[in-house]
Amino acid sequence: MQTFYKINSKRVYSRIMELAEIGKVGDTGVKRPALTKEDKEGQLLATKWMEEAGLTVSHDHFGNVIGRKEGKDPSLPSVMLGSHIDSVLNGGRFDGIIGVIGAIEVVQTITDENISHDHPIEVVAFCEEEGSRFNDGLFGSRGMIGQIDVGSLKKRFDDNGISRYEALKTFGFGIDPDKINESVRKKNEIKLFLEMHIEQGPYLDETNQPVGIVKGIAGPAWYTISLEGVAGHAGTVPMGMRQDPMVGAAEIITEIEKICKQDPEADTVATVGRIQSFPGGSNIIPAKVEFSLDLRDIDRERRQNRYDEIKEKIKNVCAARKLSYSIETNMEIDPVPCSEKLVKTFLDVSKAKGINAPIMISGAGHDAMLMAAITDIGMVFVRCKDGISHQPNEFATEEDIAIGTELLLEAVLQHI
Ligand SMILES: CSCC[C@H](NC(N)=O)C(=O)O
Ligand SMILES: [Mn+2]
């Protein structure tokens with residue numbers, strides 16, 4: 001009977017709970033937007049744990065925290081694993097976190113067990129995966145693969161008017177946004193990238209399975225839609241004479257749902273998570289309404305077709321209501337398949353451990369999907385209660401996270 005290394009699940013879980021105290025909201029909520037003081041506190045804690053595990057830690061100029069442990073041959077490409085520790089605005093304690101703390105635990109176990117390895121190992125906590133502050137996510141991983149230029153840093157602002165450039169410049173750790181090109185990684189530098197993450201959907205919980213193996217990741221696209229009409233007095237402008245962008249937005253948002261529900265078999269999903277009215281008074285017909293659109297699909301062509309239908313609807317509603325409109329593209333990430341080689345690695349190690357892990361799709365986006373541009377990627381999912389995520393009731397058990405972390409460890413051992 002093959003024996004397998006055990007990780008310290010108590011240490012993993014207590015670290016998840018310790019990190020959850022930073023930016024805590026209520027009993028189990030978390031608010032830790034990127035490049036804030038809460039994010040800095042979280043990065044310092046993760047840095048401490050990385051160093052304890054035998055990793056040498058540094059920040060790249062995108063704000064990613066990178067721990068590195070040399071192997072026998074430093075010239076070999078690294079085996080990289082990680083996720084993110086920033087959160088959505090009213091998030092949970094596990095999204096992204098288990099992937100960083102689990103990765104640190106993998107290296108801690110390799111160090112403690114004196115397991116020798118040829119390849120360097122890198123653990124990464126990516127900067128602003130969620131996009132909660134600057135309204136475009138997967139930032140640190142987009143930067144790492146060379147998709148970010150300095151000019152774009154100066155065009156993204158948070159709700160307080162601070163640019164991402166300024167936030168990086170003043171964050172510390174030697175981060176200099178003018179040097180981001182020095183932090184871009186090339187294809188041959190990284191052998192593979194592995195990420196453990198909570199599923200954030202109901203499949204594993206409904207089928208009573210602790211872990212799953214990801215074969216593909218749906219592509220998220222984010223847009224900001226602005227409608228402009230004629231502001232006026234709420235008490236005096238007759239209904240038939242109004243050019244009201246709020247009612248136009250309501251009609252469009254309802255139509256977005258219809259467009260994305262038209263094929264019950266399709267994976268297409270669309271969400272309007274944020275809406276703002278200007279000037280926003282109860283007794284003023286709004287001058288302008290701005291709302292977000294998060295549109296996703298595992299099929300890129302179908303996502304584009306749905307988006308084209310949505311744009312047509314926006315045009316028609318605005319024409320009928322005499323509204324002007326603009327659409328800003330914040331982010332368009334293609335859906336990606338995971339590497340067949342790494343799906344097989346996770347399948348083999350789970351079978352060897354007597355775990356019958358299902359193969360599944362990720363509806364959520366992940367940093368792994370960007371890393372796919374420069375290396376092979378693999379992902380392992382951990383069950384979360386009722387599939388809840390992006391809210392304080394997000395929950396995963398110590399046992400399930402331990403199963404996922406030990407699969408991650410065995411997968412890493414196959415490739416270092
Ligand atoms: C698309 S950018 C934001 C990424 C975020 N990722 C996760 N895992 O929640 C999400 O899927 O919303
Ligand atoms: Mn998330």
task = For residues that are more than 22 Å from residue 137 (Cα to Cα), part of a helix (DSSP H, G or I), of a type outside the set (Asp, Glu) and open to solvent by 80 Å² or more (accessible area, probe 1.4 Å), tally how many sit in region 252-311.
result = 2
request  = Search region 84-102 for residues that are on the phi > 0 side of the Ramachandran plot and pair each with any residue that is among the acidic types (Asp, Glu) and within 12 Å of ligand 1 (Cβ to nearest atom) when their beta-carbon atoms are under 9 Å apart and the residues are at least 6 apart or on different chains.
outcome  = 96/86; 96/129; 96/130; 96/367
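Looking at region 37-147, what strands (runs of 3 or more DSSP E) fall wholly within it and have at least 3 residues that are open to solvent by less than 10 Å² (accessible area, probe 1.4 Å)? I'd like the intermediate steps shown before the answer.
Values: elements: 56-59, 65-69, 78-84, 121-126.
Once the strands (runs of 3 or more DSSP E) in region 37-147 are filtered for at least 3 residues that are open to solvent by less than 10 Å² (accessible area, probe 1.4 Å), what remains is 78-84, 121-126.
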request  = Report yes if residue 208 is without any contact (Cβ under 8 Å) to a residue 40 or more places away in the chain, surrounded by fewer than 15 Cβ atoms within 10 Å (Cβ to Cβ) and not assigned by TED's automatic domain parsing to the domain that holds residue 295, otherwise no.
outcome  = yes
request  = Could you please find all residues in region 39-97 being among the basic types (Lys, Arg) and within 16 Å of ligand 2 (Cβ to nearest atom)?
outcome  = 93
message = Quick check on residue 175: is it modelled with pLDDT of 95 or more, β-branched (Val, Ile, Thr) and part of a loop (DSSP other than H, G, I, E, B)?
response = yes
key: Residues within region 148-160 that are more than 25 Å from residue 38 (Cβ to Cβ) and open to solvent by less than 40 Å² (accessible area, probe 1.4 Å), tallied   = 2
query = Any chance region 185-202 includes a residue that's touching a residue at least 24 places away in the same chain (Cβ under 8 Å), open to solvent by less than 10 Å² (accessible area, probe 1.4 Å) and more than 30 Å from residue 397 (Cα to Cα)?
reply = yes
ask   = What strands (runs of 3 or more DSSP E) lie completely within region 320-416 and have 2 or more residues being open to solvent by 10 Å² or more (accessible area, probe 1.4 Å)?
value = 324-332, 359-362
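The values are calculated or read from the model by the stated rules, or taken from the named source; none is laboratory data. Computed from a predicted model, the values in this text were never measured in an experiment. Virtual Cβ from ideal backbone geometry, glycine too; neighbours counted across all protein chains shown. Ligands, DNA and RNA are excluded from the accessible area calculation, which covers all protein heavy atoms including side chains. Shrake-Rupley method; radii C 1.70, N 1.55, O 1.52, S 1.80 Å.
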